[in-house]
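Every number in this text was worked out from the coordinates using simple rules, so none of it is lab data. Note that this is a predicted model, so its numbers are computed, not measured.
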Amino acid sequence: MEEKDLEFLNSFTEKVEKTVVDLCTADAMLDGKMLEVEELDDKWRTSAPEYMAAAVPQIADYPLAAIAWACYVGMGAAVLWDKSWNEHKDIEDWYSIMAKPRGFDCLDEYVVECLVGYPLDGENASKLESTIRKCANSAHTMIRKEGIEPQSVMAFHLFARVAKVFFRLGVSLELRHRGYKYVKMNVNFAGEGEVPVS
């Protein structure tokens, strides 16, 4: 990939991330930033091929689901990391854990109901769905404004970047829901920094 293409992708990724974080913050679902967990970023790297294989064919007819479902995978990953890391840490493909019970089409419902624990007809599930839909709509609009040729190599890379942002968004939403937040700590050997704690 040429350097200018990489610069474009990096810049676009930053814009999408800022947009969705701002939207979630406005909806009181985040506090102005993503919460990052290195182990979960690693799980996205090993799960992304399976997710992309399932999501890419959906882009033409269901672009918002193709984007948004990555957020639900991130939420599910945050639950597994928080509740049962030892049980799942050696599994590479976490996407399939969430897709297998009800299939790709109902992955969102499985994560919300069975992993996060919200009743599907409840207020929390409704608010969550509304916020994620708003974020997916904004990301989709941003992609379309770039005028990238559909089904091109660049379109694939753009979608892959957006899916990763949405995975990280899902991780952040669920960690915040579970009470995690960044706090400043003065650690003698590492200096001052922020770490997520619950």
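What does the C-alpha gyration tensor say about the overall shape of segment 76-134? Classify as rounded when a/c is under 1.5, otherwise prolate if a/b is larger than b/c, or oblate. Kindly include the intermediate steps, with their values, before the conclusion.
Details: a/c = 2.27, a/b = 1.69, b/c = 1.35.
Prolate, because a/c is 1.5 or more and a/b exceeds b/c.
Shape verdict for segment 1-58, please, from the Cα gyration tensor: rounded (a/c under 1.5), prolate (a/b greater than b/c) or oblate. Present the calculation step by step, with values, prior to reporting the outcome.
Values: a/c = 1.73, a/b = 1.24, b/c = 1.39.
In terms of gyration-tensor shape, oblate.
If the viscosity is 0.692 mPa s and the temperature 37 °C, what translational diffusion coefficient in µm²/s does Stokes-Einstein give for segment 22-91 when Rh comes from Kirkwood over Cα pairs?
Numbers: Rh = 13.6 Å.
The diffusion coefficient I find is 241 µm²/s.
Give the total of Lys-Lys pairs in segment 1-124 with Cα-Cα distances below 16 Å; include a pair only if its members are 8 or more places apart or on different chains.
Numbers: Lys15/Lys33; Lys18/Lys33; Lys43/Lys83; Lys43/Lys89.
For segment 1-124, qualifying lysine pairs total 4.
Once whole DSSP H runs in the chain are found, which of them have Cα atoms spread over 20 Å or more along the helix axis and a mean Kyte-Doolittle score of at least 0.0?
Working: long enough: 3-26 (34 Å, -0.22); 38-55 (24 Å, -1.02); 63-88 (34 Å, 0.42); 123-145 (33 Å, -0.83); 153-177 (36 Å, 0.88).
Span-like helices here: 63-88, 153-177.
Given a cut-off of under 8 Å on Cα pairs at least six residues apart, what relative contact order in percent is computed for segment 3-179? Working shown, then result.
On the way: 188 pairs, mean separation 71.6, N = 177.
Relative contact order for segment 3-179 comes out at 40 percent.
Shape of the chain from its Cα gyration tensor (a ≥ b ≥ c, root eigenvalues): rounded if a/c is under 1.5, otherwise prolate when a/b > b/c, or oblate? Before the final figure, lay out each step's value.
Working: a/c = 1.44, a/b = 1.16, b/c = 1.24.
Judged from the Cα gyration tensor, the chain comes out rounded (a/c under 1.5).
Per the helix-only calculation at 222 nm, which mean residue ellipticity applies to the chain, given -39500 (n - 2.57) for every DSSP H run of n ≥ 4 and division by its residues, nearest 500 deg cm²/dmol? List each step's numbers first, then the result.
Working: 7 runs with 126 residues, N = 198.
Rounded to the nearest 500, it is -21500 deg cm²/dmol.
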